[in-house]
Each structure stands twice: as C-alpha cells, then as structure tokens.
C-alpha cells in the first residue's frame, strides 16, 4: 500500500470531533453499547515528538490517539496493522485507523465499551486525565534498592539485629 500520510499543521481536535460525530450519527447509533448521552470529545491533544497525541471519547469508546504533526509524513499503512510506541508512561500498542477528514491515525483502546455507570462529565475528566498520564513519567518506589535481589526484597523494611 504505497503512499504517505501528511501531518496536520493545526491541533486535530476539532477535525476529529467532526469526523467521529458523523460516525456517531450514522452507523454506530444502533449498536447496543452506544451511549447517546456521551459526547464526542477530543481531549488533551498536544504535540509530542512532533506528533499529535491525545484522547478521543465517543459514545462507544475511549482511546489514546496519535496523528502525524506539522511537517510529518508517515508511511501509509493498512488499517488494522499494529504498532508499539514507547511513551513516557511506557510501551503502548496501537492499531492503525483511518477516517474521512483526518486521514490515518494510531489508536490504543482505553475503554471499550464504556462503563455505563460513569457520567458524561466523569468520562470527559477521565479522557483529559488519560491524555496527561500518557505523557507522564512512571512513578518509581524510591525505597526499593537500585538493583533489588530476592534477598533484599525479603529483608527490606526489617530492622537488622
């Protein structure tokens, strides 16, 4: 599948919301896990290593998305292909997707289907937090030895006589 995917100069939030709202208004609406009270919302999109990264909330899922940034050119891939990216939060496995109006993107599902007990406001807050957390460094337990052996793990925190 030859070709390239050109990057988006501007923040893709508005384009993503328009594109996925069109999908929400048509083919997804009749599915049993569709939650009509949940808005389509692109949350926390920022440039990270010259790529757009953020979360997308729809009435059927919450996903972490990556799109090519300004002056970026991605090799066009087959929809459904898998790629792993190293982010500050850790390694994340993405699936190639494509939608009219935005082109190709990478998506990692965070919640699908959505938890029906969560309010739309709680889901939006979750999407905002997840976007920030993807770019956060993982926390380390500062009390663990730098190179823990089995023995030091068993003796950690005990007073030595």
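Just so you know, all these numbers are worked out from the coordinates, no wet-lab data involved. Note that this is a predicted model, so its numbers are computed, not measured. Cβ placement follows ideal geometry from the backbone for every residue including glycine, while neighbour counts extend to all protein chains displayed.
Computed over the alpha-carbon pairs of the range 84-126, the distance histogram in 10 Å steps reads 22, 35, 42, 2 percent, short to long. Computed from label points 7 Å out along Cα-Cβ, the spacing between residue 33 and residue 91 is 2.6 nm.
Using alpha carbons only, the radius of gyration of the chain set against its Kirkwood radius gives Rg/Rh = 1.11.
For residue 83, project a label point 7 Å along Cα to C-beta. Then give me every residue of the range 90-113 with its amide nitrogen under 13 Å of that point. So the set is 92-98, 104-108.
Multiplying the sequence separation of residue 9 and residue 125 by 0.36 nm and subtracting their Cα-Cα distance, what value in nm do you get? Kindly include the intermediate steps, with their values, before the conclusion.
Values: separation 116, 0.36 × 116 = 41.76 nm, distance 2.63 nm.
Gain in length upon complete extension: 39.1 nm.
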